[in-house]
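Chemist: Sharing a structure, written as structure tokens. Questions coming.
The values are calculated or read from the model by the stated rules, or taken from the named source; none is laboratory data. Everything numeric in this text was worked out from a predicted model, so none of it was measured. A quick note on method: Cβ atoms are made from the backbone with ideal geometry, for glycine too, and the neighbour counts reach across all protein chains shown. Surface accessibility is based on the protein's heavy atoms, side chains included, excluding ligands, DNA and RNA. Shrake-Rupley method; radii C 1.70, N 1.55, O 1.52, S 1.80 Å.
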Amino acid sequence: MRLPRTDRGRAVLVLLLAAAVTVFTATVPLLRDWFDLRVYYGTVDSWIHHGGRIYDYRVPGTTYGFTYPPFAAVAMLPMALLDLHAAIAVALLLNLAALVFVLRVLAGRAWRRHGWYGCALAACALALFEPLRDTFSFGQVNVLLLALVLLDCWLLATGRGRWAGVGIGLAAAIKLTPAAFIGMLLVARRPRTAAVATAVAAAATALAAWVAPDASRFYWTHAMWDTTRVGRLDYVSNQSLQGILARLGVSERAVWAVVVLLVLGVWVARTRRAVAAGDWTAAFALTGLTACLVSPITWVHHLVWLLPSFAVLIRAGHLRIAGALYALLCTSVVWLWFDDASGVDGFLGSNTYTWITLGLLLWLPLGHSGAAGSKALPRSTSDVAPAPIPAAPAIAHASAQPAPASPPSGTTSATTGTVAGPGLGLARKASSDPTGSTRPDASNPQSSSSPASS
């Protein structure tokens, strides 16, 4: 089928695709009714207006409550000034703005070549991406965290490294997973930036401890270590290595620890290769993949961290591979094994997204920075290391084609492209238990002696 070449034909195609996407997202994948945002809003409302404690709040009729570090609750305090509908509207706007920034950083100047038509097609494709549509529908914070981390990448790439690390530090204080990018900075021989990120995370955590000392004490001594607060490890939405083992009935922590160490070894080796080859975008993408794999719980909506990997694939010219993998991540296919993940088909099918993540970690192309003459990231004198590995390079000009020898200063990274399949639209079974937890409420959740459910 030939795509339309006139503006009128393109406008008709975009309108038809937008209508199809709207129907698909409104009917086939169950909308999540802003469930996680209602957790955040209810927690803040109970804490500020009713004298409740952060980790005691439960969404009415469920066992689910707040599971993030205390600084996340402090950062969400402005919601106390809004009603729920206003909070939903603000969350949508913030997520949209964060997504635009993420795409701008990943695509660099390449989006200008495609104009409104390419941007419209990309928007339709992104609306089908299950991790993104779940993030918006749950009212989650994943895209905001991705934007914070990419902000640091942009600062480093454009020679504004003085403030680099602040975004990663704030993201790590809000949710623990982005702390993996501090490790990436160390692997990339960026000790000063890693120190800034660590200091910002520590300062934010200290602020939360001053504002809510009891909640902070409970979180860091108990809640942080209790993965069952979030939900069942074997729930099909948990697309991490721990999720695979749980669905196999393997509960020994030693087995999981060995697998995690192997994955971390692969990540360090490949990240060092990416940095040595001047491919900062790939180093960032590998870290996002690894964080999803080694986290005890990686719900499907956490997989927005895979977006940079698709940018790398497209930049390296692997459009068909990127399209096929992206299409799989639009299908909701893992939910076919919602009730029963046993057998060979269950082992392969219920872990589809984890296999994609692992495959990308092992085979993501490295060294395709897209600009032979791209400038390396400036290194401060405090970042000098004895090893001959160069400083992490600038995010390169995005293109699958050779770039000019002298790209403009500050050019940013790879394009996300517009390839994506519409997905199979497999309906997932309705459930009143979004994260699969079946444990009852504790009598006094926020205490060091009594565990809380979430």
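Chemist: To the nearest 20 debye, what is the magnitude of the charge dipole of segment 113-272 about its Cα centre, counting +1 on the Cβ of each Lys and Arg and -1 on the Cβ of each Asp and Glu?
Modeler: 580 debye
Chemist: Defining a contact as two alpha carbons under 8 Å apart and six or more residues distant in sequence, what relative contact order in percent does segment 65-202 show?
Modeler: Value for segment 65-202: 24 percent.
Chemist: Accessible area per residue for segment 129-284 in Å², computed with a 1.4 Å probe and the full protein assembly in place, what is it?
Modeler: Values: 5830 Å² over 156 residues.
Computed with neighbouring chains in place, this is 37 Å² per residue.
Chemist: Same structure, new question: What residues of segment 171-204 lie in the reach of a label at TRP163, counting those whose backbone N is under 19 Å from a point 7 Å from the Cα along Cα→Cβ?
Modeler: In segment 171-204, the label zone of TRP163 (backbone N under 19 Å from the point 7 Å along Cα→Cβ) covers 171-174, 192-204.
Chemist: Further question on the same structure: Computing the accessible area with a 1.4 Å probe over protein heavy atoms, can you report the carbon and sulfur percentage for segment 227-294?
Modeler: Carbon plus sulfur share of accessible area: 68 percent.
Chemist: In the full protein assembly as shown, how much of HIS49 is accessible to a 1.4 Å probe, in Å² to the nearest 10?
Modeler: 100 Å²
Chemist: Compute the Cα gyration tensor for segment 97-165, then decide on rounded, prolate or oblate, letting a ≥ b ≥ c be the square roots of its eigenvalues: rounded whenever a/c is under 1.5, prolate when a/b is larger than b/c in the other cases, and oblate in all that remain. Intermediate results must be reported in sequence, preceding the final value.
Modeler: On the way: a/c = 3.77, a/b = 1.24, b/c = 3.05.
Taking the square roots of the gyration eigenvalues as a ≥ b ≥ c, segment 97-165 is oblate.
Chemist: Heavy atoms only, 1.4 Å probe, whole protein assembly: order VAL344, VAL141 by accessible area, highest first. Don't jump to the answer; show the numbers that get you there.
Modeler: Values: VAL344 110, VAL141 15 Å².
Solvent-accessible surface, decreasing: VAL344, VAL141.
Chemist: Run the numbers for LEU92 and LEU13: contour at 0.36 nm per residue of separation, minus the present Cα-Cα distance, in nm.
Modeler: Numbers: separation 79, 0.36 × 79 = 28.44 nm, distance 2.59 nm.
Gain on stretching LEU92 to LEU13: 25.9 nm.
Chemist: Report the FRET efficiency, 1/(1 + (r/R0)^6), for ALA324 and ARG273, where r is their Cβ-Cβ distance and R0 is 41 Å, rounded to 0.05. Please list the in-between numbers first.
Modeler: Values: r = 25 Å, r/R0 = 0.60.
Approximately 0.95, to the nearest 0.05.
Chemist: A further question follows. Carbon and sulfur atoms: what percent of the 1.4 Å accessible area of segment 1-129 do they account for? Display every interim value, and only then the final one.
Modeler: Values: 4640 of 6780 Å².
In segment 1-129, the share of accessible area belonging to carbon and sulfur is 68 percent.
Chemist: How much of the accessible area of segment 143-191, in percent, comes from carbon and sulfur atoms when a 1.4 Å probe is used?
Modeler: On the way: 1080 of 1530 Å².
For segment 143-191, the apolar C and S fraction of the accessible surface comes to 71 percent.
Chemist: Could you work out how far apart the two model spin labels at ALA123 and LEU262 are, taking each label as a point 7 Å from the Cα in the direction of the beta carbon, and quote it in nm?
Modeler: Spacing of the two 7 Å Cα→Cβ label points: 4.5 nm.
Chemist: Moving to a separate point now. State, in angstrom, two size descriptors of segment 202-356 derived from its alpha carbons: Rg to one decimal place and Dmax to the nearest whole number.
Modeler: 17.9, 52
Chemist: Let me ask you something else. Rolling a 1.4 Å sphere over the protein heavy atoms, what is the accessible area per residue of segment 318-367, to the nearest Å²?
Modeler: Working: 2210 Å² over 50 residues.
Counting only protein heavy atoms, the per-residue value for segment 318-367 is 44 Å².
Chemist: Ignoring ligands and nucleic acids, what accessible area does VAL100 show with a 1.4 Å probe (Å², nearest 10)?
Modeler: For VAL100, solvent-accessible area is about 100 Å².
Chemist: Going from most exposed to least, what order do LEU156, LEU262, LEU94 have by accessible area with a 1.4 Å probe? Walk me through the numbers before you get to the answer.
Modeler: Working: LEU156 5, LEU262 120, LEU94 90 Å².
Solvent-accessible surface, decreasing: LEU262, LEU94, LEU156.
Chemist: Taking the convex hull of the alpha carbon atoms in segment 144-226, what volume per residue do you get, in Å³?
Modeler: 92 Å³
Chemist: At a 1.4 Å probe radius, which order do VAL74, VAL304, VAL166 fall into by accessible area, largest first? List each step's numbers first, then the result.
Modeler: Values: VAL74 25, VAL304 0, VAL166 45 Å².
Reading off the accessible areas and sorting them downward yields VAL166, VAL74, VAL304.
Chemist: With a 1.4 Å probe and all protein chains left in place, how much accessible area per residue does segment 6-113 have, in Å²?
Modeler: On the way: 5470 Å² over 108 residues.
Computed with neighbouring chains in place, this is 51 Å² per residue.
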